[in-house]
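Written out below as structure tokens is the structure these notes cover.
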Amino acid sequence: MTSIWEKGICVTVRNIVLVGFMGTGKTTVGKKLAERLGWSFCDSDAVLEEVQQTSIPELFRDHGEAHFRVLETETLARILDSEGQVVATGGGAVLAESNRICMLQHGFVVALNATAETIIQRVSSDTNRPLLQGNLEERVHTLMEQRKHAYDFAHTSIDTTDLSEDEIVDRIIQQAVRH
């Protein structure tokens, strides 16, 4: 277990796991949070790409989403076997119950969310998101509707729409201490 100190209060957690729809700030905030805590940062999608030696769009194209999800589950379990890290998961990692259970067993889970408009603005120039091919606005709204309860299992939730990265990091630490 690893300790977090905030204003003289100490809390012990194995990891902090960030979940949420794409574009909610998991990677950006995760890096800043890890730096603040003196922990390592791990992006599960980046680890998966490194291990598979290919990109996620190529995995989707060549093997399909189902195969990608199996690899995602294996990667997440391997990552969460360690501690003292901030882990940013892929937006769809929460779709598998086994992943949700693993996250809850191995960390303090924080769901980051934002409005559809904010997400569209944040991901509009990103071509590495295979689930957003086609009409971006329509795909974001459809996927958000499909996943609207997918992040409810998290220990806490933070709306990142109007917050700075530092404000989000502060709130995550405050929530972890209260947990």
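Each reported figure results from applying straightforward, stated rules to the coordinates on display, with no laboratory input. In this text, all values refer to a predicted model and were calculated from it rather than measured experimentally. Cβ: placed from backbone, ideal geometry, glycine included. Neighbour counts: every protein chain shown.
Distant-in-sequence amide contacts of Thr115, defined by a placed amide H-H separation under 5 Å and a gap of 5 or more residues or a different chain, comprise Thr161. Taking every C-alpha pair closer than 8 Å and separated by at least 6 residues, the mean separation divided by the residue count of segment 2-178 gives a relative contact order of 34 percent. Only helical runs count toward this figure. For the chain, summing -39,500 (n - 2.57) over DSSP H runs of n ≥ 4 and dividing by all residues gives -15500 deg cm²/dmol at 222 nm. Between the helical axis of 26-37 and the longest alpha-carbon principal axis of the chain there is an angle of about 20 degrees. Peptides 16-23, 110-117 ranked from most to least packed, by the mean per-residue count of other Cβ atoms within 10 Å: 16-23, 110-117. Cross-link reach is defined here as a Cα-Cα straight distance under 20 Å, omitting same-chain residues fewer than 8 places apart; for Lys32 the aspartates and glutamates meeting it are Glu6, Asp43, Asp45, Glu83, Asp159, Asp162, Glu165, Asp166, Glu167, Asp170.
Distant-in-sequence amide contacts of Gly20, defined by a placed amide H-H separation under 5 Å and a gap of 5 or more residues or a different chain, comprise Leu112.
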